[in-house]
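Have a look at the structure below before the remarks.
Coordinate-derived values only; no laboratory data. Model, not experiment: these values are computed from the prediction. Ideal geometry is used to build each Cβ from the backbone, glycine not excepted, and the neighbour counts take in all protein chains shown.
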Amino acid sequence: MEYGAVLAAAPLVARPNWLLLSPPPLAPSIQNRLYSISSFPLKAGPVRACRALASNYTQTSETVDLDWENLGFGIVQTDYMYIAKCGTDGNFSEGEMVPFGPIALSPSSGVLNYGQGLFEGLKAYKKTDGSILLFRPEENAERMRTGAERMCMPAPSVEQFIDAVKQTVLANKRWIPPTGKGSLYIRPLLMGSGAVLGLAPAPEYTFIIFVSPVGNYFKEGLAPINLIVEDKFHRATPGGTGGVKTIGNYASVLMAQKIAKEKGYSDVLYLDAVHKKYLEEVSSCNVFVVKDNVISTPAIKGTILPGITRKSIIDVALSKGFQVEERLVSVDELLDADEVFCTGTAVVVSPVGSITYQGKRVEYGHQGVGVVSQQLYTSLTSLQMGQTEDWMGWTVQLN
């Protein structure tokens, strides 16, 4: 292994016994491989991604025996991950499916020194007939490409992204929770892995996908969450990177989130950095306000992430006959709302039970799930899980 910093998951000794389950065996051609990022070839070729890699791992119908009823939202070590590389020519290599595990990075890599990195998040669901559904993966692929341009990075093509997602899910299909018990969270990463000293784009980039079975993001599940409005710290500023899914956007919210959770709140709702009175978003999800059956959400203007669940909820709401407005939404409107809810890949739809702003607490719907929130949640999740006809054409089925 070249000199480098090893990024690893929690030590095996700290993991529950079920995390030590052995993955299906790899073909001899990729057994005993050292998973240093620098060991992967940079040759560019036809964008077959990992389409031809199915022969490199043994498929199994075995389902992992987990406590699906108590599955939380956290990292569970699965079997395989996908890795592809890109050099200065901007072309990504064919991907490799390798056992999930630590990777090696130079301590002078662009991502470690300058934060040149992006990530995405999407989910796979298991239907009652055993088939697998992905939800709008092309949207994640396009958003990664948009973010990569802003962060001065090359990005895999939409075709390679989707193909890599499909193969990673199939390689880890025994970890997909049973219908109604959760989902397989898919985490694509794009980072500047090449060594660089002095502020400049990295000379090499790595695209990784790993997966983990997950349950609810908030411990409350569909039960209402309690938010506090943050008026000291700001998530993003005009002209910054708030509109792309770069890694730095998330590190910067950890302090405010930590303080909020210590006070008993579920998360933080941010205001705009200029006027300090218009809603932006929660730490990792978009926000919606309902008043007199009109649904309003902050407009996408460069400081708010264009959430895929946000976009989907708007389309579902319109199809149900709701009036939806994308505009500036003031904190005063928030406090006067009939319902408030959040959306995101991780949270799906999460109703808000209370908002606290400058010491004033406002509750919604007697801490119950609002009618609009419930209707939109049911409509969206039934599409995602294949429980109703996909009239939107959003799902991709894997057999």
query: What dipole magnitude, in Debye to the nearest 20, does the stretch 256-375 give about its Cα centre under +1 on Lys/Arg Cβ and -1 on Asp/Glu Cβ?
result: 300 debye
message: Across the stretch 225-385, what fraction of all alpha-carbon pairs, as a whole percent, falls in each successive 10 Å bin from zero upward?
response: 11, 44, 37, 9, 0
field: the stretch 69-134-the stretch 223-271 distance, computed between alpha-carbon centres (Å)
entry: 24 Å
query: With each pseudo-label sitting 7 Å past Cα toward Cβ, what's the Thr146-Leu254 distance in nm, one decimal?
result: 2.7 nm
- line: The residues His234, His366, sorted from fewest to most surrounding Cβ atoms within 10 Å, come out as His366, His234
- request: Could you tell me the distance between the Cα centroids of the stretch 350-368 and the stretch 304-341, to the nearest Å?
  value: 17 Å
field: Share antiparallel - DSSP beta bridges, the stretch 245-399, percent rounded to 5
entry: 80 percent
message: Applying a 10 Å radius around every beta-carbon, put 200-212, 268-280 in order of their mean neighbour count, most first.
response: 200-212, 268-280
- request: Using a cut-off of 13 Å between beta-carbons, work out the net charge of the residues near Gly180 (Lys and Arg +1, Asp and Glu -1, Gly180 not included).
  value: +2
message: Just to check, using Stokes-Einstein with a Kirkwood Rh over alpha carbon pairs, what's the diffusion coefficient of the stretch 80-215 at 37 °C and 0.692 mPa s in µm²/s?
response: 213 µm²/s
- prompt: Where Lys and Arg each count +1 and Asp and Glu each count -1, what net charge lies around Thr241 among other residues with Cβ under 11 Å from its Cβ?
  reply: +3
- prompt: Say the cut-off is 28 Å between C-alpha atoms; which of Lys291/Lys360; Lys123/Lys276; Lys258/Lys291 go over it?
  reply: Lys123/Lys276; Lys258/Lys291
- prompt: Taking the Cβ of Asp315 as the center, what net charge do the other residues with Cβ under 14 Å away carry, scoring Lys and Arg +1 and Asp and Glu -1?
  reply: +1
